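Peer 1: Questions regarding the structure given below will be posed in turn.
The values are calculated or read from the model by the stated rules, or taken from the named source; none is laboratory data. In this text the structure is predicted, and so the values were computed from the model without any measurement. Heads up, the Cβs are rebuilt from the backbone with ideal geometry, glycines too, and the neighbour counts pull from every protein chain shown.
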Ligand code: URP
Ligand code: ZN
Ligand code: ZN
């Protein structure tokens, strides 16, 4: 008799963004074929059965903010992970889909070349499914005219910067982009920090000869993020165009976002584990170690700030929780954190430390281990909402019969898995540190399934997936982020 299903998962508790139910799941031809009350598959035939007794069955993680094989924003080289090592690290932490960046430089006119080049880097190299956001560094007439082609190529989001000399746009350029994005149904992600405030503060610190890693934090004061966040919201409101403010770190910026959302504006926001777990103390470690936690925005003042960011996840201010995996090796004086050390600055200079931290593998387990989020909220911000926001739902981020890819994580509840302290040796990225070294872990995915295949089996060899199995996914326009008013934007007269 022919096998009815490729895989069934029985006796588990299925958690979605809205429900927690004792359901069994059947998978066929890479898709979720059936989700039925416990026992409903007892007569089913399957090539493989996973008994998830006592476990939680959740959609695979969707990480919508990942930098791989990207040039740094200053200095030389490239991020430490390429598409192979970054996606390998992702799958070993339960992330089954990632959206990485395809960066257009200020000196380039077209967006389509960067898209083609990024496809080349990713093709046949990924362990997990993937798509790209385009970073718009130069909104030339040509680049703006290409938004329509991006949409037909399955790219429905872009990222822009209000800081970093290499990418910073002025407000007029941002308006040009928002108008064209609105026309094409593209979601604009904004890195909201005021670059001029940061430059000014950097000059003041240099005059005082303050170069240590911890001054990276001082050079990015909260006000730079707060002002830029408010300005981004204002530009979005003016153009009636949805935006997503990335990697929010500051309570007062979160308050601006919440106030805008309460007014019904299509303002979405992201935060990252860095802002839940790290503080300025992590930037002030002995010697040069603080460089490991240099990212922008920086880890903030205190645990009280982290508490406010946790609260923003729980109350819906933050739509998604992404890793902002932007890995640079620590002990690498050519392209890593130590490239900021020179004859002139033998102890390093904060302004030359490549910005970014690794975290694609630890995002889910760290967050769940903290035990601070309702399980449905956890699924919502780490999987369902990123899929909805970026036009992947319900293909990804859900376990919907006949519609969703069979991308699944099985976790054990607290107390059923042996706790451990995180070390970098356990991880699968190509980076020589994790900023979360030594954290107590109470959770890690037991199994991860990607389109019906077991790709991670923690108790049986760990990584089971293969490079090249991951494929590019064309995305639709966002099902979450829409302008308030339909029709064309009209010049207010
Ligand atoms: O420090 C960070 N976040 N580096 C990555 C680049 C970015 O702005 O996301
Ligand atoms: Zn950014
Ligand atoms: Zn980033």
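Peer 1: Within the group 12, 60, which residue is under 28 Å from the mean Cα position of the chain (by Cα), crowded, with 23+ Cβ neighbours inside 10 Å and over 30 Å from residue 133 (Cα atoms)? Lay out the reasoning, then the answer.
Peer 2: On the way: 60 fails: over 30 Å from residue 133 (Cα atoms).
None of the other options fit; the residue is 12.
Peer 1: Another question, then. Hey, among the residues in the stretch 296-308 that are within 22 Å of the chain's Cα centre (by Cα) and assigned to a loop (DSSP other than H, G, I, E, B), which one's nearest to ligand 3 (Cβ to nearest atom)?
Peer 2: This residue is 296.
Table: residues versus (1) closer than 22 Å to residue 484 by Cβ; (2) crowded, with 18+ Cβ neighbours inside 10 Å; (3) within 16 Å of ligand 3 (Cβ to nearest atom); (4) modelled with pLDDT under 95.
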position: 203; (1), (2), (3), (4): no, no, no, no
position: 206; (1), (2), (3), (4): no, no, no, no
position: 213; (1), (2), (3), (4): no, yes, no, no
position: 238; (1), (2), (3), (4): yes, no, no, no
position: 242; (1), (2), (3), (4): yes, yes, no, no
position: 245; (1), (2), (3), (4): yes, yes, yes, no
position: 251; (1), (2), (3), (4): no, yes, no, no
position: 255; (1), (2), (3), (4): yes, no, no, no
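Peer 1: Of the numbered conditions (1) at pLDDT 95 or above; (2) within 16 Å of ligand 1 (Cβ to nearest atom); (3) over 22 Å from residue 188 (Cβ atoms); (4) in contact with a helix residue (DSSP H, G or I) (Cβ under 9 Å, 6 or more places away or on another chain), residue 79 fails exactly one; give the number of that condition.
Peer 2: Unmet for residue 79, out of (1) at pLDDT 95 or above; (2) within 16 Å of ligand 1 (Cβ to nearest atom); (3) over 22 Å from residue 188 (Cβ atoms); (4) in contact with a helix residue (DSSP H, G or I) (Cβ under 9 Å, 6 or more places away or on another chain): (1).
Peer 1: So, residue 371, is that one within 30 Å of residue 202 (Cα to Cα) and in contact (Cβ under 8 Å) with a residue 60 or more places away in the chain or not?
Peer 2: In short, no.
Peer 1: Give the residue that is farthest from ligand 2 (Cβ to nearest atom), with candidates limited to residues of the stretch 148-163 that are crowded, with 18+ Cβ neighbours inside 10 Å and closer than 14 Å to residue 178 by Cα.
Peer 2: Filtering the stretch 148-163 for residues that are crowded, with 18+ Cβ neighbours inside 10 Å and closer than 14 Å to residue 178 by Cα, the one farthest from ligand 2 (Cβ to nearest atom) comes out as 156.
Peer 1: How do the pairs read when you match residues in the stretch 151-163 that are over 18 Å from residue 476 (Cβ atoms) and more than 13 Å from ligand 3 (Cβ to nearest atom) with residues anywhere that are in a strand (DSSP E or B) and modelled with pLDDT of 95 or more, using Cβ under 9 Å and keeping only pairs 6 or more apart or on different chains?
Peer 2: Cβ pairs passing all conditions: 162/168; 162/190; 162/191.
Peer 1: Step by step: first the residues of the stretch 333-357, then only those that are within 16 Å of ligand 1 (Cβ to nearest atom) and outside any loop (DSSP other than H, G, I, E, B), then the one that is nearest to residue 289 (Cα to Cα). Which residue is that?
Peer 2: If we take residues in the stretch 333-357 being within 16 Å of ligand 1 (Cβ to nearest atom) and outside any loop (DSSP other than H, G, I, E, B), then 337 is nearest to residue 289 (Cα to Cα).
Yes/no matrix, rows are residues, columns are (1) farther than 23 Å from residue 368 by Cβ; (2) under 24 Å from the mean Cα position of the chain (by Cα):
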residue	(1), (2)
32	no, no
37	yes, no
55	no, no
67	yes, yes
74	yes, yes
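Peer 1: Looking at residue 360 and the list (1) part of a loop (DSSP other than H, G, I, E, B); (2) closer than 23 Å to residue 257 by Cβ; (3) touching a strand residue (DSSP E or B) at 6+ places or on another chain (Cβ under 8 Å); (4) within 16 Å of ligand 3 (Cβ to nearest atom), which single condition is not satisfied?
Peer 2: (2)
Peer 1: How about the stretch 319-332: which of its residues are within 16 Å of ligand 1 (Cβ to nearest atom) and either surrounded by 24 or more Cβ atoms within 10 Å (Cβ to Cβ) or under 17 Å from the mean Cα position of the chain (by Cα) (or both)?
Peer 2: Listed by number, the residues that qualify are 320, 321, 322, 323, 324, 325, 326, 327, 328.
Peer 1: Same structure again: Quick one: which of 286, 273, 297 is within 16 Å of ligand 1 (Cβ to nearest atom) and within 21 Å of residue 432 (Cα to Cα)?
Peer 2: Exactly one residue qualifies, and that residue is 273.
Peer 1: Is there a residue in the stretch 369-387 that is within 16 Å of ligand 1 (Cβ to nearest atom) and modelled with pLDDT of 95 or more? Before you say what the answer is, go through the steps one by one.
Peer 2: Kept after step one, since they are within 16 Å of ligand 1 (Cβ to nearest atom), are these residues of the stretch 369-387: 386.
Those still in the list that are modelled with pLDDT of 95 or more too: 386.
Checking the stretch 369-387: at least one residue is within 16 Å of ligand 1 (Cβ to nearest atom) and modelled with pLDDT of 95 or more.
Peer 1: May I ask you to say which residue of 372, 376 is surrounded by fewer than 18 Cβ atoms within 10 Å (Cβ to Cβ) and in contact with a helix residue (DSSP H, G or I) (Cβ under 6 Å, 6 or more places away or on another chain)?
Peer 2: Numbers: 376 fails: in contact with a helix residue (DSSP H, G or I) (Cβ under 6 Å, 6 or more places away or on another chain).
Unique residue meeting the criteria: 372.
Condition check ((1) over 25 Å from residue 23 (Cα atoms); (2) without any contact (Cβ under 8 Å) to a residue 12 or more places away in the chain; (3) crowded, with 23+ Cβ neighbours inside 10 Å) across all residues:
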| residue | (1), (2), (3) |
| --- | --- |
| 413 | no, no, no |
| 420 | yes, no, no |
| 441 | yes, no, no |
| 448 | no, no, yes |
| 458 | no, no, no |
| 461 | yes, yes, no |
| 471 | yes, no, no |
| 488 | yes, no, no |
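Peer 1: Quick one: which of 100, 95 is within 13 Å of ligand 3 (Cβ to nearest atom) and either surrounded by 24 or more Cβ atoms within 10 Å (Cβ to Cβ) or modelled with pLDDT under 95 (or both)?
Peer 2: Going through 100, 95 in turn, the sole match is 100.
Peer 1: Please go through the stretch 149-181 and give me each residue that is within 16 Å of ligand 1 (Cβ to nearest atom) and assigned to a helix (DSSP H, G or I), ordered by number.
Peer 2: Filtering the stretch 149-181 down to residues within 16 Å of ligand 1 (Cβ to nearest atom) leaves 157-169, 174.
Scanning the stretch 149-181 gives a single hit, 174.
Peer 1: Applying the selection to the stretch 427-459, what residues are assigned to a strand (DSSP E or B) and either closer than 15 Å to residue 273 by Cα or modelled with pLDDT under 95 (or both)?
Peer 2: Initially, the stretch 427-459 is screened for residues assigned to a strand (DSSP E or B), giving 440-441, 447-450, 453-457.
Those that are assigned to a strand (DSSP E or B) and either closer than 15 Å to residue 273 by Cα or modelled with pLDDT under 95 (or both): 440, 441.
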